[in-house]
Amino acid sequence: MYNSRISGLGFYVPDNVVTNEDLSKLMDTNDAWIQERTGIKERRHVVKGKDTTTIMGVKAAKIAIERAGIDKDDIDFIVFATLSPDYYFPGAGVLVQRDLDIKTVGALDVRNQCSGFVYAISIADQYIKSGMYKNILVIGSELHSGGLDFTTRGRGVSVIFGDGAGAAILTREEDPKKGILSTHLHSEGQYAEELSLLAPGIGHRWVSDILKDNDPDDVSYYPYMNGQLVFKNAVVRFSEVIMEGLKKNKLDVKDIDMLIPHQANLRISQFIQRKFGLSDDQVYNNIMNYGNTTAASIPIALTEAWEKDRIKEGDLVVLAAFGSGFTWGSVIMRW
Ligand code: ACO
């Protein structure tokens, strides 16, 4: 049995910076409300037609591949996590295989929203641990701006999310004490609709119904979020799943060198930091600059933290996520 470790990281965000002030020109909101409730100062939005979820994912992947020191054809498998794919189907994984001109390896799409990257890493880790694959490209990428309601009706959601992508190469590691030590995944489907985008799902309404209704006030194409319920559940589940991972490895909160929480909301991250008594050096947050980029938030934050030398060899790095589903999870790794 092998271990897996992250051998390369990369991220890409569009150049187009959208400030809270910019949003206040589109809807009834203001910088003070957004910063106080979420910590967000600005986010990036794609320029329509220039970037897509796949294109951003490919840009991040190219950096990760180069930093891993491998050739694109050394990649044995692709895992792509997103809630905002270019197409309803096929998924973005095959588009990456095409756009990177990689040989015909398998490509898997993960639909676990904010927990998507943690789920994707867990899957890739299992394939490597079993010996099936040696190098796996894991991508989290989101284009939110094309799917949000930027009128006052949608302000509770649309101010929170931003666009971007992050990628990691997971590589076989022979040393069992190095790399990913364990991953932990959970879900609670009773809250499925509390953070959701219902259309264009075909379960309850058929395409023919949607076309017949042709309703300009149909909000089922916009994300819905029960913000307070999400907040309450997030703080509990983040804590639980971090502790679950630490206990599994006979580690303690004080052993954490770097916690990268999914960048849902700065207040959630700060709550966890306070609860665990972690210093600012032990937690990395960048939601202030990018907003919540869902499946991309952890790989973007992880890459930035690594680029800033905030993560060193031998460090205990913890990834934790919570989001739509509800789903949540953690990754415990020794860098
Ligand atoms: N600007 C100004 N006012 C606003 C805005 C806005 N952008 N959005 C909502 N409001 C108003 C509401 O209409 C409401 O007004 P009312 O009192 O007159 O009815 C008031 O502000 C308070 O609204 P609440 O929704 O109660 O505000 P709350 O304090 O709960 O904050 C928030 C909302 C920030 C969404 C919070 O609930 C939260 O952070 N929840 C967690 C969300 C989260 O982390 N989601 C991401 C994780 S999941 C994922 O990534 C897919």
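The values are calculated or read from the model by the stated rules, or taken from the named source; none is laboratory data. Being a predicted model, the structure only gives us computed values, none of them experimental. Virtual Cβ from ideal backbone geometry, glycine too; neighbours counted across all protein chains shown. Protein only, heavy atoms only, side chains kept; ligands, DNA and RNA dropped before computing areas. Shrake-Rupley method; radii C 1.70, N 1.55, O 1.52, S 1.80 Å.
Before moving on, here are some points about what is shown:
- Any hit, region 217-238, residues being touching a Pro at 6+ places or on another chain (Cβ under 7 Å) and away from the ligand (no atom under 16 Å from the Cβ): no
- Selection status of Ile256, in contact with a Phe, Trp or Tyr (Cβ under 8 Å, 6 or more places away or on another chain), touching a residue at least 60 places away in the same chain (Cβ under 8 Å) and away from the ligand (no atom under 16 Å from the Cβ): yes
- Cross-chain or 6+ apart pairs with Cβ under 6 Å, region 138-151 first and surrounded by fewer than 24 Cβ atoms within 10 Å (Cβ to Cβ), then charged (D, E, K, R): Ser145/Asp163
For every residue, the table says whether it meets (1) without any contact (Cβ under 8 Å) to a residue 24 or more places away in the chain; (2) surrounded by fewer than 19 Cβ atoms within 10 Å (Cβ to Cβ); (3) touching a His at 6+ places or on another chain (Cβ under 8 Å); (4) in a helix (DSSP H, G or I).
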{"position": "Ala295", "(1), (2), (3), (4)": "no, no, no, yes"}
{"position": "Ala301", "(1), (2), (3), (4)": "no, no, no, yes"}
{"position": "Trp306", "(1), (2), (3), (4)": "no, no, no, yes"}
{"position": "Val317", "(1), (2), (3), (4)": "no, no, no, no"}
{"position": "Ala320", "(1), (2), (3), (4)": "no, no, yes, no"}
{"position": "Gly325", "(1), (2), (3), (4)": "no, no, no, no"}
{"position": "Ser330", "(1), (2), (3), (4)": "no, no, yes, no"}
{"position": "Met333", "(1), (2), (3), (4)": "no, no, no, no"}
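- All of Leu26, Leu9 fail the test of being assigned to a loop (DSSP other than H, G, I, E, B) and over 17 Å from Ala107 (Cβ atoms), apart from Leu26.
- For region 122-134, the condition holds for at least one residue, the condition being that it is open to solvent by 40 Å² or more (accessible area, probe 1.4 Å), of a type in the set (Lys, Arg), under 19 Å from Ile63 (Cα atoms) and at pLDDT 95 or above.
- The set of residues from region 176-223 being buried (at least 16 other Cβ atoms within 10 Å of the Cβ) and among the β-branched types (Val, Ile, Thr) comprises Ile180, Thr183, Ile210.
- Residues located in region 103-121, provided they are open to solvent by 10 Å² or more (accessible area, probe 1.4 Å) and not in a strand (DSSP E or B): Lys103, Thr104, Val105, Arg111, Asn112, Gln113, Cys114, Tyr119
- Some residue of region 81-101 being in contact with a strand residue (DSSP E or B) (Cβ under 7 Å, 6 or more places away or on another chain), assigned by TED's automatic domain parsing to the domain that holds Tyr12, within 13 Å of Asn135 (Cα to Cα) and among the hydrophobic types (A, V, I, L, M, F, W, C): no
- Scanning region 239-271 for residues that are closer than 21 Å to Ile287 by Cβ and not aromatic (Phe, Trp, Tyr) yields a count of 18.
- Helices (runs of 4 or more DSSP H) enclosed by region 31-102 - at least 1 residues per element that are within 16 Å of the ligand (Cβ to nearest atom): 31-38, 53-68
- In the set Leu251, Leu246, only one residue is outside any helix (DSSP H, G or I) and of a type in the set (A, V, I, L, M, F, W, C); that residue is Leu251.
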